[in-house]
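To start, the structure itself, in structure tokens.
The values are calculated or read from the model by the stated rules, or taken from the named source; none is laboratory data. Values in this document were obtained by computation on a predicted structure and should not be read as measured data. Here Cβ is always computed from backbone atoms with ideal geometry, including for glycine, and neighbour counts include all displayed protein chains. Only protein heavy atoms, including side chains, enter the accessible area calculation; ligands, DNA and RNA are left aside. Shrake-Rupley method; radii C 1.70, N 1.55, O 1.52, S 1.80 Å.
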Amino acid sequence: MAIASVFARELLAVFFPDTRLFYVITILIVYGAGTFVSFRLQEAIAFARVPAYRRRESVIAFYGVAVFVGVLTAGLAALLRYPLGFERIFTPFGAATSYAASTLLTSVLSWYLASRLVFKEWRSDES
């Protein structure tokens, strides 16, 4: 999914000026779309185990984590690309490399937050 989102961001970037603002905007668009697709693909598996009376809370927590991590990913990518010099170091792939690295770095946090905040309540029901 991460490789597909980097590729999608590069395709989307063709339609926008290459500025810091539009770099972040394209990341947020692609991250949001990826989150939605990922949720729809995993819904039958991951959320099927959540008791019906807690499913709404779990879905809200899922999207809360996704928004937080999406904004963090976009901010980290911009930091890597511009102030930390990925744009210069990895020319002409600075934008893609920065986004890929930020996605990799934030994926651990995303997994941790989802396991603790999204699915924490129903796991305690099983014990």
Take A77 and decide whether it is open to solvent by 20 Å² or more (accessible area, probe 1.4 Å), among the small types (G, A, S) and in a helix (DSSP H, G or I).
-> no
Of the numbered conditions (1) surrounded by 15 or more Cβ atoms within 10 Å (Cβ to Cβ); (2) farther than 30 Å from A95 by Cα, A52 fails exactly one; give the number of that condition.
-> (1)
P92 passes all but one of (1) closer than 22 Å to S5 by Cβ; (2) open to solvent by 80 Å² or more (accessible area, probe 1.4 Å); (3) part of a helix (DSSP H, G or I); which number fails?
-> (3)
Considering region 39-49, residues that are under 29 Å from S102 (Cβ atoms) and either modelled with pLDDT of 85 or more or not β-branched (V, I, T) (or both), and then whichever is surrounded by the most Cβ atoms within 10 Å (Cβ to Cβ), we arrive at F47
Of the conditions (1) assigned to a helix (DSSP H, G or I); (2) open to solvent by 40 Å² or more (accessible area, probe 1.4 Å), the single one that P83 does not satisfy is (1)
Residue count, region 94-114 (criterion: in contact with a helix residue (DSSP H, G or I) (Cβ under 9 Å, 6 or more places away or on another chain) and without any contact (Cβ under 8 Å) to a residue 24 or more places away in the chain) | 3
Do you know which of the residues in region 55-74 that are β-branched (V, I, T) and open to solvent by 80 Å² or more (accessible area, probe 1.4 Å) is farthest from S102 (Cα to Cα)?
-> I60
If you go through F36, F90, F68, F62, the only one that is closer than 26 Å to I25 by Cβ, modelled with pLDDT of 85 or more and more than 20 Å from the chain's Cα centre (by Cα) is F90
